[in-house]
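Note sheet for the following structure.
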């Protein structure tokens with residue numbers, strides 16, 4: 001009996017959760033999703049498959065869905081997923097199920113895990129304090145113990161979402177249109193005059209969209225962004241900014257940044273290595 005956990009993490013929440021699950025579940029291997037995206041076919045060599053990822057705009061991230069479409073699930077008997085989020089409802093389980101059903105499989109269990117927000121693009125964003133993170137950590141550890149028990153016993157359970165803290169009115173109807181919102185609300189990244197050309201943003205960019213040119217970061221237009229916000233949150237000078245193409249103002253110059261206290265820039269960047 002073996003378990004492979006595939007994870008995607010922009011600022012460390014999901015990376016941390018994947019690591020904690022590896023500690024709890026025997027014979028578990030951690031594999032970064034980003035390192036496999038350029039492969040045509042991905043074979044799974046275990047009977048238990050885990051997916052750990054953050055919620056992006058109330059959905060599963062595009063890199064996770066792309067990965068799921070490529071993998072061979074013939075040997076897999078049990079599939080579980082853990083979605084890290086700030087507390088909002090989401091349709092991630094539905095996103096995964098659509099792909100899995102085409103492969104003759106289904107999610108065995110799905111869990112939401114509330115953690116600190118890493119999205120500083122809105123007005124007034126403040127990073128979680130040490131006290132808030134410590135408070136969340138108690139709940140995270142309890143939830144991880146619960147998930148461990150479910151997975152080790154191969155229980156079939158989709159828990160009712162009773163822990164959502166951000167309510168979205170008419171979510172069931174709105175969720176139908178979520179995949180199209182990225183085309184409406186587009187964002188551009190840039191570096192302001194605080195940039196010292198250190199290259200951290202290029203290092204942590206999971207889509208390899210950022211290249212350093214003439215000592216400054218360039219976001220290549222022909223490379224799709226994963227919207228992981230690693231460049232935004234790991235910049236040591238707070239120089240990287242983001243703004244909507246429909247709005248001239250950016251709030252990120254005024255806002256704080258967040259990355260998980262146990263996830264370094266190197267931890268994020270290593271996801272790109274095969």
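Name every residue in region 77-95 that is touching a strand residue (DSSP E or B) at 6+ places or on another chain (Cβ under 6 Å) and in a helix (DSSP H, G or I), in order of residue number. Selection gives 92, 93, 95. For region 118-149, residues that are farther than 20 Å from residue 19 by Cβ, in contact with a strand residue (DSSP E or B) (Cβ under 9 Å, 6 or more places away or on another chain) and buried (at least 18 other Cβ atoms within 10 Å of the Cβ) total 1. Within region 48-65, the set of residues being more than 9 Å from the chain's Cα centre (by Cα) and either within 10 Å of residue 14 (Cβ to Cβ) or not assigned by TED's automatic domain parsing to the domain that holds residue 38 (or both) comprises just one member, 51.
For residue 242, are the conditions met, namely being over 14 Å from the mean Cα position of the chain (by Cα), within 27 Å of residue 65 (Cβ to Cβ) and either surrounded by 15 or more Cβ atoms within 10 Å (Cβ to Cβ) or touching a residue at least 24 places away in the same chain (Cβ under 8 Å) (or both)? Yes: the conditions hold for residue 242.
The values are calculated or read from the model by the stated rules, or taken from the named source; none is laboratory data. Since this is a predicted model, take the numbers as computed values, not measurements. Please note: Cβ atoms are built from the backbone with ideal geometry, for glycine as well, and neighbour counts cover all protein chains shown.
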